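A short reminder: the numbers here are calculations on the coordinates, not readings from a lab. The structure displayed is predicted, hence computed values, not measured ones. Every residue, glycine as well, gets a Cβ built from its backbone with ideal geometry; the counts of neighbours run over all protein chains shown.
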Amino acid sequence: MAESVDYSKLVNALIERQLTGWDVAKKNYGALSRCRLRSLRVGQSSIVLQFNPERIRSSAAKVDAASLKARKCFLCSENQPVEQEKIVWNGKYKIQLNPYPIFPLHLTISELRHTAQRIEGRMGHMLDLAHDLPDFVLFYNGPKCGASAPDHMHFQAGNKGFMPYCDEVLGSKLSVIDNNAYGSLALSQGLGRLSFLITATTASRAQQLYDALYRAMPTKEGDPEPMHNILCWWQQGRYYIAVFPRRKHRPACYGSGEGQFLLSPASVDMGGVWAVPVEKDFNALTAGDVQSMLDELCMTTDDAINIIQRLK
């Protein structure tokens, strides 16, 4: 029998080496520890605003086909800094420290081969990664739901305890849709955005519930998959998958002009942390602004009802 790999130990050692030996990472994580924070209340949920100028790369990323074709893929090893180390996970993905962090510990987990951002057929990988990295919450941004590299399949991960949603959802109003001894699917309400929560004691049950939900979510004509964001974590013998179906990529207020915000909400925003790269936006944002964007981007009650009906 092959000896199991302690990926937590390897990742912790990688982080320590990168934060001491890679100047870019050391500088940006140092800046992150000093960044300004502000809290808002949206519904029964906490929203943390983080003034983080380095995240302009993601918020302002051009993800149209022409722009992607014109730039080198920053997730392919040949285009990365020589200082950026990697840990190969199960011969499929490379785990790396993200040099432009939102989290105090922020990982990028990209497929070794250059292939498009698609979750279909990879939820099993996400669940296994969550199990192997128990101190982290994994997240997936769909190709039209905040991914700044929709041409290269990747997950990201951030340390637990940072996104308010992960604790809040467990105490939210949960309407159970599917349930057996091994796991359940429920609709979460009251947190300012609707989401589905899968809880399971086995990875196979978690994947079964997610696959059914994936098939029930609508896919717009011309899109490669249903628009959604995913958070996934493993805790005390249970797998958790939070799914945020979406209606739009970016809000109508997206931009840098008067009354606009340079924000492209993705999984971490759905998790309750909004990395704001522009100072005027950080100072101006209100709970009403955040709620309006969530209302515009996320599924409505009617959308949720339609998905649930397609599940049955």
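At-a-glance table
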{"read-out": "Additional length obtainable on full extension of the chain from Gln235 to Arg34, 0.36 nm per residue less Cα span", "value": "69.4 nm"}
{"read-out": "Gaussian network model of the chain, springs between alpha carbon atoms under 10 Å - residue of Glu279, Glu258, Glu168 with greatest fluctuation", "value": "Glu258"}
{"read-out": "Cross-link table Lys9/Lys86; Lys26/Lys69; Lys69/Lys144; Lys69/Lys220; Lys26/Lys280, entries beyond 19 Å C-alpha to C-alpha", "value": "Lys26/Lys69; Lys69/Lys220; Lys26/Lys280"}
{"read-out": "Protection-proxy order for peptides 173-181, 229-237, each taking the mean of Cβ atoms within 10 Å per residue, highest first", "value": "229-237, 173-181"}
{"read-out": "Karplus-derived HN-Hα couplings along the range 206-222 (A = 6.51, B = -1.76, C = 1.60, θ = phi - 60°), whole Hz, x at Gly and Pro", "value": "4, 5, 4, 5, 5, 4, 5, 5, 4, 5, 7, 6, x, 10, 5, 4, x"}
{"read-out": "For the range 114-121, Karplus couplings with θ = phi - 60° (6.51, -1.76, 1.60), whole Hz, Gly/Pro x", "value": "7, 9, 4, 5, 8, 8, 4, x"}
{"read-out": "Relative contact order of the chain, pairs being alpha-carbon contacts under 8 Å that are 6 or more residues apart, as %", "value": "20"}
{"read-out": "Cα shape, the range 1-129, gyration tensor, a/c 1.5 rule", "value": "rounded"}
{"read-out": "Taking the range 87-133 and dividing mean pair separation by its residue count, relative contact order in percent (alpha carbons under 8 Å, at least six apart)", "value": "27"}
{"read-out": "Net +/- balance of residues flanking Asn306 in space, Cβ distance below 15 Å, scoring K and R +1, D and E -1", "value": "+4"}
{"read-out": "Sum of side-chain charges, Glu120 neighbourhood, beta-carbon under 13 Å (Lys, Arg +1; Asp, Glu -1)", "value": "0"}
{"read-out": "Cα gyration tensor category, rounded, prolate or oblate, for the range 87-216 with a/c compared to 1.5", "value": "prolate"}
{"read-out": "The chain: Cys lacking any partner C-beta under 4.7 angstrom", "value": "Cys35, Cys145, Cys166, Cys232, Cys253, Cys298"}
{"read-out": "Residue-wise HN-Hα coupling along the range 153-164, computed from phi with Karplus coefficients 6.51, -1.76, 1.60 (Hz; x: Gly, Pro)", "value": "4, 7, 10, 10, 8, x, 4, 5, x, 9, 8, x"}
{"read-out": "Two-site FRET efficiency, Asp135 against Arg215, from Cβ-Cβ distance with R₀ of 45 Å, rounded to 0.05", "value": "0.90"}
{"read-out": "GNM flexibility winner over the chain from Leu129, Leu40, Leu49 (Cα, springs under 10 Å)", "value": "Leu40"}
{"read-out": "Within a Gaussian network of the chain (alpha carbon springs, distance under 10 Å), most fluctuating of Gly192, Gly91, Gly21", "value": "Gly91"}
{"read-out": "Student exercise, the range 3-146 dipole from Lys, Arg, Asp, Glu Cβ charges, in Debye to nearest 20", "value": "760"}
{"read-out": "Enclosed volume per residue, in Å³, of the convex hull spanned by Cα atoms of the chain", "value": "138"}
{"read-out": "Alpha-carbon centroids, the range 259-291 and the range 78-111: separation in whole Å", "value": "26"}
{"read-out": "Extension gain (nm, one decimal) between Arg118 and Asn79, 0.36 nm per residue minus Cα-Cα", "value": "11.9 nm"}
{"read-out": "For the chain, share of DSSP beta bridges that run antiparallel, in % to the nearest 5", "value": "90"}
{"read-out": "Environment charge of Ile15, counting only residues whose C-beta is closer than 13 Å and scoring Lys/Arg +1, Asp/Glu -1", "value": "+1"}
{"read-out": "Mean separation of Cα contacts under 8 Å, 6 or more apart, over the residue count of the range 195-243: relative contact order %", "value": "51"}
